[in-house]
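S.K.: Structure incoming, see below.
The values are calculated or read from the model by the stated rules, or taken from the named source; none is laboratory data. Just so it is clear, the model here is predicted, and its values are computed rather than measured. Every residue, glycine among them, receives a Cβ derived from its backbone with ideal geometry; neighbour counts consider all protein chains shown. In case anyone asks, the SASA skips ligands and DNA or RNA and just uses the protein heavy atoms, side chains included. Shrake-Rupley method; radii C 1.70, N 1.55, O 1.52, S 1.80 Å.
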Amino acid sequence: MGDFFMKKEIEMLNFIFKNAEMGIIGIDDLIEELEDTNFLSLIKKQREQYAKITKEARNLISDFGAKVEENSNISKGRSNLLVKMSSIKDKSIKKYAKMMIEGTNKGIIELQEKINAYNINNSEIINLANSLLEIEENNIEELKKY
């Protein structure tokens, strides 16, 4: 395997890391707004799942002898989320769930595009990407209840 394939694998792992990290950041920003214990419990569980993915991605990136790329979209994503949250006049769980579904759906689409474009054969990376997809799809199903 040449450097090109390793580069694609590292890029894919960094994308998985960033995707899951954005989920964590979105949840962290939202937690402060919530009082509903059931909803809070649900998104804290989702946060743990995202944290597990970021840890696995970080470990695999390290195994390749590379470093995790800083997520330049974090501050942009966080500020967009905070503006969106502050503009919500109706502070209902329904509104927050809808916002989270939209963000998660965007993450699913972007991740699936990367999986299709990169065509990676490394089973650990593919399994991690598929795990994140599954987590995000399940998260949407759970959020739909609200």
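S.K.: I'm checking my understanding of the structure. Among residues of the stretch 127-139 that are in contact (Cβ under 8 Å) with a residue 12 or more places away in the chain and under 14 Å from Lys45 (Cβ atoms), which one is surrounded by the fewest Cβ atoms within 10 Å (Cβ to Cβ)?
M.R.: Ile135
S.K.: Moving on to the next point. Here is a check on your reading of the model: is Ile25 modelled with pLDDT under 95, part of a helix (DSSP H, G or I) and either out of contact with any His (no Cβ under 6 Å at 6 or more places or on another chain) or under 14 Å from Met100 (Cβ atoms) (or both)?
M.R.: Working: modelled with pLDDT under 95: yes; part of a helix (DSSP H, G or I): yes; either out of contact with any His (no Cβ under 6 Å at 6 or more places or on another chain) or under 14 Å from Met100 (Cβ atoms) (or both): yes.
Yes, satisfied.
S.K.: Looking at the stretch 30-56, which of its residues are touching a residue at least 12 places away in the same chain (Cβ under 8 Å), open to solvent by 20 Å² or more (accessible area, probe 1.4 Å), more than 30 Å from Asn121 (Cα to Cα) and assigned to a helix (DSSP H, G or I)?
M.R.: Ile31, Lys44
S.K.: Sticking with this one: Could you tell me whether Lys84 is assigned to a helix (DSSP H, G or I), modelled with pLDDT under 90 and out of contact with any helix residue (DSSP H, G or I) (no Cβ under 9 Å at 6 or more places or on another chain)? Give the derivation first.
M.R.: Details: assigned to a helix (DSSP H, G or I): yes; modelled with pLDDT under 90: yes; out of contact with any helix residue (DSSP H, G or I) (no Cβ under 9 Å at 6 or more places or on another chain): no.
No, not satisfied.
S.K.: Is one or more of the residues making up the stretch 98-118 at pLDDT below 90, open to solvent by less than 70 Å² (accessible area, probe 1.4 Å), within 25 Å of Lys144 (Cβ to Cβ) and more than 15 Å from the chain's Cα centre (by Cα)?
M.R.: no
S.K.: To continue, here is another question. How about the stretch 119-142: which of its residues are closer than 19 Å to Ile24 by Cβ and either modelled with pLDDT under 95 or touching a Ser or Thr at 6+ places or on another chain (Cβ under 7 Å) (or both)? I'd like the intermediate steps shown before the answer.
M.R.: Just the residues of the stretch 119-142 that are closer than 19 Å to Ile24 by Cβ, to begin with: 128-129, 131-140, 142.
Selection gives Glu136, Asn139, Ile140.
S.K.: Got a number for residues in the stretch 44-62 being among the charged types (D, E, K, R) and either in contact with an Asp or Glu (Cβ under 9 Å, 6 or more places away or on another chain) or within 20 Å of Lys7 (Cα to Cα) (or both)? Talk me through it step by step, then tell me what you get.
M.R.: To start, the set of residues in the stretch 44-62 that are among the charged types (D, E, K, R) comprises 44-45, 47-48, 52, 55-56, 58.
Imposing the further condition that a residue be either in contact with an Asp or Glu (Cβ under 9 Å, 6 or more places away or on another chain) or within 20 Å of Lys7 (Cα to Cα) (or both) reduces the set to 45, 47, 55-56, 58.
Looking only at that region, the number is 5.
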